[in-house]
Amino acid sequence: MIRRLFIGSVCFYFALLLIGPILYLAVQSFDEGIAAFWREVTRPEALHGFMLTLEITAIVLVMNLVFGTITALVLVRQHFAGRTVLSGLIDLPFSVSPVIAGFMLILLFGPETILGTFFGTLGVKVLFAMPAMVLATLFATFPFVVRELTPLLQTIGTDTEEAARTLGANEWQVFLKVTLPMLRWGFVYGATLTVARAIGEFGAVLVVSGNILMLTQTATLHIYQSYVDFNYVGANAVALTLLAVSFAILALLELAKAKAAATLTSAN
Amino acid sequence: MKIEVRGLTKQFGSVQAVSDVSFTVKEGELLGLLGPSGSGKTTVLRLIAGLETPSGGDIYIDGKRVNDLSVQDRNIGFVFQHYALFKHLTVFENIAFGLKIKKWKPAEIEPRVAELLSLMSLDALEQRYPHQLSGGQRQRVAIARSLAPRPSVLLLDEPFGAVDAKVRQELREWLIRLHDRLNVTSLFVTHDQEEAMEVSGRIIVFSKGKLEQIGSPAEVYEEPATEFVARFIGAMNILEGQVLNGIVKIGSLKFPAPNISDHVHVKVGFRPYYVKVAEDPHRYRQPATLRHIYFLGVAYRLEIETEEGLILRSRMNKEEFRQYRLEVGQPVSFAVTHFRFLPQEGISFPSSASSQLFDAGPLTP
């Protein structure tokens, strides 16, 4: 009896929080027919938003993979003063509101500041342009790769790398042939979380982008703008598309996991 | 000399892990580095491999000083306690790893790996991944991987520490056979004195970063050079006393010490099998009470308490044990038939100090 009660309440919770809203969103997207849905998704503003989100996500993903790996390696392997402080700071983006992050960037790169003047004289536009949007998204997504890799590096230890060195491998070969392959699942999970978060980022990007149509309006900003402009079908359609992309990424992750498990068991 | 270590010292911060250690390893030898955990034996092995940099001293391999050679260039094979296999590679790829790094041609790699697979009885497993192997199989893959590039010496760090007792015994016997066959100079680290005695031709005993004794298993067992070795290798009763008129009197036990001057504090040691125990309280001169009986499989260990409260350990074979009807708490008699004075810093003993004890009472009723 109690078992049923628990199962029932969990199902209800899921329905209320996830399944209900998603179904409603799907229904609302096609409220005016498939043609309207297609028109809204392929309208130039929407397409531009998708492209911009894709570009920012790609840049952020590459930067996180590179710097996340370096950061994790340094935090786990190098013992220096302030390591614990740095390690604690990694989680800061989780606890700071993205709006505050965006606001900090505005203050830092404003036209009166040293940095703002510096980039101004170089002719590089940081605020209300791509650089600030990338920085804001980086701020929000930075912890993911680091947080996936650090526990992995700790459990792996240094034995395997030392074994490779005793077999003649130089530092670069050790990194490419031993360290990176051992971290591959950390990269997969870290990348998945980074992409999902980058696609969905709203607050920080809204503050630093200026939300300029066809210029700095990402997909999420486009949804927000359509909603404010009473274009509900447009907002719903783009939202549903982003949701589909998120689902696809999660499905790919599960597929990769299943495939890895299959190759391991088939070799038995 | 295959390996020579001179005045080797290693400091980790304020901790002296290895202090002034010197020894040589002969060509084709299988030598055990024995000591409790934290005694510096693993550090010595890692220093020879080049995985650690010495704070002082010199290391020679094949007569060549290798202090400034990187681990990659020392041509050593290293086997780690927890295998350290490449989990993302198959057994074949693991063994071939060093050969690929050293740019062997594929036509040479294949037969070499096949040779090692058969040598290590791993034939059908070449396409498996490490997690699909048993502990014993993993360690054999690790040994095969280290042997593949034909290293000039093989270094094994607690190679059987991570497998269960039965597999450990198999691996030991298997390592001895492998060594007989390949004759590659091998050093292995262990904290298990039984393992060291069984596997190695010679043993080096370490304690607190210092070398205590080098010798054959029989030498370190029968003639321990220090008190530490006496205590660490096998069971030993150790009593302390003071010499007076050429005799050390400990309770009712008297040990003759004709060549030691008076008032010197000494430690007297004797193995449990030199303590004879009889059910008949009058057979031997010394009375005691039986406190515990331990069954060791091949024999029994008896723990007796003398009237002065000294606890002594005795070893009794099964036949003898069956003749008596020994029960815990009953009175017994005992005699110590052999003993030796343990070496102590600052005191030198004449070699005759180890002798048969005449004052222990009659050995026959």
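The values are calculated or read from the model by the stated rules, or taken from the named source; none is laboratory data. All figures in this text were calculated on a predicted structure; none of them were measured in a lab. Methodologically, a virtual Cβ is constructed for each residue, glycine included, from the backbone with ideal geometry; neighbour enumeration extends over all protein chains shown. These accessible areas exclude ligands, DNA and RNA; they are computed on the full protein's heavy atoms, side chains included. Shrake-Rupley method; radii C 1.70, N 1.55, O 1.52, S 1.80 Å.
Brief remarks follow.
- Apportionment of accessible area to carbon and sulfur, chain A, percent (1.4 Å): 74
- Across A:178, A:205, A:146, mean-square fluctuation computed from a Gaussian network of chain A (C-alpha pairs under 10 Å connected) peaks at A:178.
- Descending semi-axes in whole angstrom, ellipsoid equivalent of the stretch B:234-292, from the Cα gyration tensor: 24, 14, 9
- Shielding by partners, peptide B:116-129 (average Cβ within 10 angstrom, other chains): 1
- Dipole magnitude of the stretch B:3-231, debye to nearest 20 (Cβ charges: Lys/Arg +1, Asp/Glu -1, about Cα centre): 800
- C-alpha center-to-center spacing [the stretch B:22-87, the stretch A:200-268] in angstrom: 54
- The stretch A:35-266: relative contact order as a whole-number percent, Cα under 8 Å and 6+ apart: 33
- Point-charge dipole on Cβ atoms (K/R +1, D/E -1) for the protein assembly as shown, about Cα centre, debye to 20: 580
- When chain B is treated as a GNM with alpha-carbon contacts under 10 Å, the residue of B:275, B:15, B:229 showing the greatest mean-square fluctuation is B:15.
- Counting only other chain Cβ atoms within 10 Å of each residue's Cβ, the peptide B:94-103 averages 4.
- Each 10 Å bin, from zero up to the one with the longest distance, holds this percent of the alpha carbon pairs of the protein assembly as shown: 3, 12, 16, 15, 14, 13, 11, 7, 5, 3, 1, 0.
- Helix-only [θ]222 nm of chain B, DSSP H runs n ≥ 4, -39500 (n - 2.57) each, per residue, nearest 500: -7000 deg cm²/dmol
- Residue-averaged [θ]222 nm for chain A, counting only DSSP H segments that reach four residues, each worth -39500 (n - 2.57): -24500 deg cm²/dmol
- Along each principal axis, Cα extent of chain A, largest first, Å: 67, 67, 36
- For the stretch B:40-64, accessible area lost to neighbouring protein chains reaches 40 Å² or more, against the chain alone with a 1.4 Å probe, at B:51.
- Counting, for every residue in A:167-177, the Cβ atoms of other protein chains within 10 Å of its Cβ and taking the mean gives 5.
- A straight line joining the Cα centroids of the stretch B:98-146 and the stretch B:277-301 runs 53 Å.
- Projecting the Cα atoms of B:37, B:224, B:143 onto the charge dipole of the stretch B:3-231, computed from C-beta unit charges around the Cα centre, puts B:143 farthest toward the positive end.
- Of the residues B:23, B:247, B:75, the one whose Cα sits farthest towards the positive end of the charge dipole of chain B is B:75 (charges of +1 on Lys and Arg Cβ, -1 on Asp and Glu Cβ, taken about the Cα centre).
- Distance (nanometres) between label positions extended 7 Å along Cα→Cβ at residue A:3 and residue B:176: 5.6
- The stretch B:1-106, accessible area per residue, ligands and nucleic acids excluded (1.4 Å, Å²): 41
- GNM result for chain B, Cα springs below 10 Å: residue of B:296, B:239, B:155 fluctuating most strongly: B:296
- Buried area at the B-A interface (accessible, heavy atoms, 1.4 Å probe, summed, Å²): 2000
- Relative to the Cα centre, the charge distribution of the stretch A:35-266, modelled as +1 at Lys and Arg Cβ and -1 at Asp and Glu Cβ, gives a dipole magnitude of about 280 debye.
- Protection proxy ranking of B:285-294, A:166-175 - average other beta-carbon atoms within 10 Å, highest first: A:166-175, B:285-294
- Pairs over the 29 Å Cα-Cα cut-off, from the set B:26/B:166; B:249/B:276; B:64/B:87: B:26/B:166; B:64/B:87.
- The length gained by stretching the chain between residue A:112 and residue A:16 to full extension, at 0.36 nm per residue less their Cα-Cα distance, is 29.7 nm.
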